[in-house]
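Everything below concerns the one structure shown next.
The values are calculated or read from the model by the stated rules, or taken from the named source; none is laboratory data. Only a predicted model underlies this, so the values are computations on that prediction, with no experimental measurement involved. Neighbour counts run over all protein chains shown; Cβ positions are idealised from the backbone, glycine included.
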Amino acid sequence: MATDHYFSADPGKPEIRKPLTVVLDGESRRLTTSNGIFSPEGIDKGTAVLLAEVPAPPASGNLLDIGCGWGPIALTLALKSPGATVTAVDVNPRCIALTNDNARALGLANVRACLPEEVDPALRFDAIWSNPPIRIGKSELHSLLMLWLPRLASGGNAWLVVQKNLGSDSLQRWLAAELPGEFSIRRESTAKAFRILRVTRAA
């Protein structure tokens, strides 16, 4: 799987777009992908586990995808919850453009992909779904999660998929130690070498 520094704001190579057909929310969808992003050939294993294991998102409110890539999580959120507003963030402008273009291709007017700094700091999210970029390094990952998880609304849930051998258990312990008392963290399920972590903010 080519990554081309997918976690960088500058992938370093000229963009080459190509068509991509994948199943999202139970139907085949014709989308666009490119080089220089995460999992350009389709839905990676971790994201597939997340989409299969996590309960349906809230029907309305604000939903967030952290690290959107070409958009599989954000697009699924928008398809499942047409009455919600989906924000998708990434540091890679190529990913932002692809997610917005793919949303338009599916007729989804409730998706906005943007850079993290373009999100209103006062905005709170009723649900967060993410396959977080573990390989950016522990310090950067921790900073990323602490930027977004405290923005959960009261009663909201964040669902994170993390590979077991890439530190899912230690991440769970770290989250439990770092997040304030109104948050609870638990391992929701294990599937295909991945764990689903659930972060809940008390109502």
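Numbers below:
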read-out	value
Residues that are closer than 23 Å to Gly107 by Cα, touching a Lys or Arg at 6+ places or on another chain (Cβ under 8 Å) and among the charged types (D, E, K, R), drawn from the range 25-48	Asp25
The range 68-99: number of residues that are among the small types (Gly, Ala, Ser) and either assigned to a helix (DSSP H, G or I) or surrounded by 24 or more Cβ atoms within 10 Å (Cβ to Cβ) (or both)	6
Lone unmet requirement of (1) under 30 Å from Pro19 (Cβ atoms); (2) surrounded by 14 or more Cβ atoms within 10 Å (Cβ to Cβ); (3) not acidic (Asp, Glu) for Gly107	(2)
Top-ranked residue of the range 184-203 - restricted to ones that are in contact with a Ser or Thr (Cβ under 7 Å, 6 or more places away or on another chain) and of a type outside the set (A, V, I, L, M), ranked as nearest to Ser130 (Cα to Cα)	Arg195
Residues (more than 24 Å from Gly26 (Cα to Cα), in a loop (DSSP other than H, G, I, E, B) and touching a strand residue (DSSP E or B) at 6+ places or on another chain (Cβ under 8 Å)) located in the range 100-125	Leu115, Val119, Leu123, Arg124
Selection from the range 28-41 of residues that are touching a Ser or Thr at 6+ places or on another chain (Cβ under 8 Å) and either surrounded by fewer than 20 Cβ atoms within 10 Å (Cβ to Cβ) or among the hydroxyl-bearing types (Ser, Thr, Tyr) (or both)	Ser28, Arg29, Arg30, Ser39, Glu41
Selection count where residues are in contact (Cβ under 8 Å) with a residue 40 or more places away in the chain and among the charged types (D, E, K, R), scope the range 155-178	0
Asn62 being touching a residue at least 60 places away in the same chain (Cβ under 8 Å) and among the polar types (S, T, N, Q)	yes
Pair list, Cβ < 8 Å and 6+ apart or interchain, from the range 24-41 residues that are within 12 Å of Leu79 (Cα to Cα) and at pLDDT 95 or above to residues that are in a strand (DSSP E or B) and not hydrophobic (A, V, I, L, M, F, W, C)	Arg29/Thr21
Condition met for Ile128 (touching an Asp or Glu at 6+ places or on another chain (Cβ under 6 Å) and under 27 Å from Leu175 (Cβ atoms))	no
Check on Val54, closer than 22 Å to Thr32 by Cα, buried (at least 18 other Cβ atoms within 10 Å of the Cβ) and not basic (Lys, Arg)	no
